[in-house]
1. Considering the dipole of segment 207-341 built from charges on the beta carbon (Lys and Arg +1, Asp and Glu -1) around the Cα centre, which of HIS253, PHE325, THR265 is farthest to its positive end?
2. Per DSSP H run of at least 4 residues, take -39500 (n - 2.57); add these up for the chain, divide by its residues and hand me the 222 nm value, nearest 500 deg cm²/dmol.
3. Name all residues of segment 175-197 having a backbone nitrogen under 18 Å from the label point set 7 Å from the Cα of ASP424 along its Cα→Cβ direction, giving them as ranges.
4. For q values of 0.09, 0.14, 0.17, 0.19 Å⁻¹, compute log₁₀ I(q)/I(0) with the Debye formula on a Cα-only model of segment 1-130, without solvent.
5. Please arrange LEU304, LEU260, LEU216, LEU426 by how many other C-beta atoms lie within 10 Å of their C-beta, fewest to most.
6. May I have the pair-distance distribution P(r) for segment 239-337, computed from all Cα-Cα distances with 5 Å bins from 0 and rounded to whole percent?
7. Restricting to the chain, compute how many DSSP beta bridges are antiparallel as a %, nearest 5.
8. Among 179-186, 128-135, how do they line up from the highest to the lowest mean number of other beta-carbon atoms within 10 Å?
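None of the figures in this text is laboratory data; all of them are computed from the coordinates on show. Keep in mind it's a predicted model, so treat the numbers as computed, not measured. Positions of Cβ are backbone-derived with ideal geometry, glycine not excepted, and every protein chain shown enters the neighbour counts.
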Amino acid sequence: MARKWVFVLLVIRDFVSAIAAFLFLKLKGRIHRLTYKSVARPKNVVVVGGSFAGWWLLDTLIKALPTGWRVVLIEKNSHFHFTWLWPRMVGVPGHDHKSIVPYPAKHPQAPEGIYELKRGNAISIEKDAVVLEGGERVPFEYLVIATGSSPRFPTGLNPLSKGEVLKYFGGLQDQIRAAGSIVLVGGGPVGVEIGTDVKSRYPDKSVTIIHSRARLMNNFGTRLHDAGIEACKELNILVYFEERPSFPKGTTHENGSLTLKSGETVKYDLLINCTGQRIDSSLAKQSFPDSIGPDGGIFVNPYLQVLKTPSAKGDATGDAYTNIFAAGDVSSLPASVTGGSSTLKMGRAASLQGMTVATNIVRDIKGQKPKAYKLGNLDRGLKLTLGLNKSIYYLTDGDSELISRQQTKEGKEIKDAQGLPVGDDLNAAHIWSMLAQKPFVDEDDEDKRA
């Protein structure tokens with residue numbers, strides 16, 4: 001019990017520190033706009049990948065880079081993908097356009113000349129430049145690889161445009177509406193969220209989760225499993241554990257059956273594959289083959305600099321590239337940072353890693369020593385929806401666990417024109433504001449949807 005309260009106090013401390021750091025950075029940015037001067041030939045900090053790690057890194061750099069420097073973001077997608085909302089979009093229409101945020105060509109909080117967006121696919125890294133598909137070379141003094149990983153869901157989808165995403169999820173919603181029985185393979189957060197959302201909206205449908213491990217969301221603590229299985233029981237969702245049945249490749253399959261170890265057959269109108277996440281380190285594999293781990297992650301030291309010759313012990317004692325960093329899902333953190341435990345690929349952790357890299361680049365430019373990244377209590381935080389009107393906030397330090405429950409009051413549920421529940425949009429407006437965009441207005445849309 002004492003340890004639990006110590007953890008609570010540490011979480012409060014970290015939360016207050018995070019708010020203070022955000023406010024300080026915002027104030028620093030206002031002052032920086034008055035002192036930064038655009039020059040004809042600035043030196044480049046090149047960031048490849050503009051998801052959580054890449055964007056927060058960029059957002060920090062535009063408030064701190066000295067005159068004579070700029071940050072260049074290379075991003076292959078036309079829009080930022082707010083993937084936290086994607087599980088909800090599987091069975092619930094109305095949120096789709098909120099999850100696809102246009103990257104700003106100009107950042108309103110950035111001084112003139114400090115930021116450039118390059119839409120393109122980086123295909124190789126040279127000694128001092130990134131090469132784009134088509135042959136363009138983007139020179140750098142510092143390089144940050146923030147290419148992340150393929151989404152946990154849907155497997156196999158690598159969209160480049162907003163239209164592809166909207167069309168894809170519109171098709172899934174049609175499949176959900178037509179199916180009477182739905183099987184979800186994978187009992188991680190995505191499988192649980194999709195299952196509880198669908199069952200909340202369509203209580204008459206049969207929903208089954210088949211999981212390969214002994215408990216749901218097995219990468220987290222037992223209390224998250226307990227909350228997940230309780231929600232499944234309340235909604236009459238059938239869950240099978242320690243099952244690895246064969247099923248067709250792809251994200252979805254219609255009108256089939258699965259055979260379990262007991263010989264039992266589970267028939268379905270629609271199967272959805274909720275497994276699989278691959279680290280995207282393809283850009284680094286050719287240039288830094290010795291820096292890639294077995295899972296595809298890029299080995300880094302505590303300062304998030306890419307290691308040239310990683311130690312076999314995983315203690316990050318090898319030599320590092322002082323001007324090349326990796327942050328977010330693509331980075332493989334050393335044991336000195338993680339304490340030897342496995343690290344989860346989480347948006348909050350990626351964002352904080354991006355900010356750490358930005359700080360270390362500015363410190364190096366100024367001739368100062370870098371600061372080590374510390375895995376904080378908020379880095380492993382998770383908001384998990386357990387239906388369209390229920391959710392929990394989960395925090396852990398690897399030992400103690402905290403859960404805060406939320407439920408929409410009766411009569412306050414959000415419903416569509418048909419009277420069916422749709423749930424909230426998981427604070428998508430904040431992501432639009434983070435990218436300096438007006439929620440939910442995309443100037444590239446003909447209808448300017450709001």
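1. Sorting the options by dipole projection puts first THR265.
2. Helices in the chain give a 222 nm mean residue ellipticity of -9000 deg cm²/dmol.
3. Answer for segment 175-197: 193-194, 197.
4. For segment 1-130 at q = 0.09, 0.14, 0.17, 0.19 Å⁻¹, log10 I(q)/I(0) is -0.39, -0.82, -1.00, -1.10.
5. Final ranking by Cβ density, sparse to dense: LEU260, LEU426, LEU216, LEU304.
6. Each 5 Å bin holds this share of Cα pairs: 2, 12, 19, 14, 8, 6, 8, 11, 10, 7, 2, 0.
7. The antiparallel fraction comes to roughly 50 percent.
8. For the peptides 179-186, 128-135, the packing ranking is 179-186, 128-135.
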